[in-house]
1. Which residue is surrounded by the most Cβ atoms within 10 Å (Cβ to Cβ), if the candidates are limited to the range B:60-75 and must be acidic (D, E) and under 23 Å from B:S49 (Cβ atoms)?
2. Looking at this structure, is B:G33 surrounded by fewer than 18 Cβ atoms within 10 Å (Cβ to Cβ), facing chain A (nearest Cβ under 7 Å) and either in contact with a strand residue (DSSP E or B) (Cβ under 9 Å, 6 or more places away or on another chain) or touching a residue at least 40 places away in the same chain (Cβ under 8 Å) (or both)?
3. Restricting the first residue to the range A:38-49 and requiring it to be at the interface with chain B (Cβ under 7 Å from one of its Cβ atoms) and assigned to a strand (DSSP E or B), which pairs with a second residue that is of a type in the set (G, A, S) and crowded, with 18+ Cβ neighbours inside 10 Å meet a Cβ separation below 6 Å and a spacing of at least six or different chains?
4. Could you check, for the range B:8-15, whether at least one of its residues is surrounded by fewer than 18 Cβ atoms within 10 Å (Cβ to Cβ), over 21 Å from A:A17 (Cα atoms), among the acidic types (D, E) and more than 9 Å from every other protein chain (Cβ to nearest Cβ)?
5. Which of the residues belonging to the range A:16-30 are at the interface with chain B (Cβ under 7 Å from one of its Cβ atoms) and either crowded, with 19+ Cβ neighbours inside 10 Å or modelled with pLDDT of 95 or more (or both)?
There are 2 protein chains.
Amino acid sequence: MIQARILIRPKEGILDAQGKAVEAALPALGFEGVGHVRVGRIVELEAESIDRLEELCEKLLANPLIEDYEIETIG
Amino acid sequence: MIQARILIRPKEGILDAQGKAVEAALPALGFEGVGHVRVGRIVELEAESIDRLEELCEKLLANPLIEDYEIETIG
């Protein structure tokens with residue numbers, strides 16, 4: 001079994017509403033010097049093989065129209 | 001500026017509703033051999049220093065009652 005970590009992020013140029021919300025909240029909480037916030041999802045799973053993980057991302061985990069994904073495997 | 005990646009996951013023992021939803025959808029899509037799915041959030045940001053990132057997680061990014069977070073820095 002392999003452990004996979006899939007990072008799913010809004011594509012460049014697509015509005016990242018959660019990231020903007022975090023950025024907007026920072027000054028009120030006194031956090032200066034923090035910016036360029038992007039919020040995405042992480043999916044961690046075990047799979048017997050890496051072969052179909054890309055298909056899994058395309059069909060179920062990500063929305064390829066508006067999201068990019070990156071598959072990292074551990075072991 | 002440092003680049004930080006913050007991984008936020010449901011704590012062990014807390015129901016991971018999104019992970020369960022993914023697991024439930026796998027058989028209908030023909031994905032065998034995939035399991036132990038956990039879904040969390042990833043927050044990527046730039047910060048002038050790492051000093052207050054833990055505080056940022058506690059106060060804004062994560063819900064420490066039900067979520068664990070992990071801070072990775074790049075450069």
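1. B:D68
2. Yes, satisfied.
3. A:R38/A:G19; A:V39/A:G19; A:I42/B:G40; A:L45/A:A4; A:A47/A:A4
4. yes
5. Within the range A:16-30, A:V22, A:A25 meet the criteria.
The values are calculated or read from the model by the stated rules, or taken from the named source; none is laboratory data. All values derive from a computational prediction rather than experimental measurement. Please note: Cβ atoms are built from the backbone with ideal geometry, for glycine as well, and neighbour counts cover all protein chains shown.
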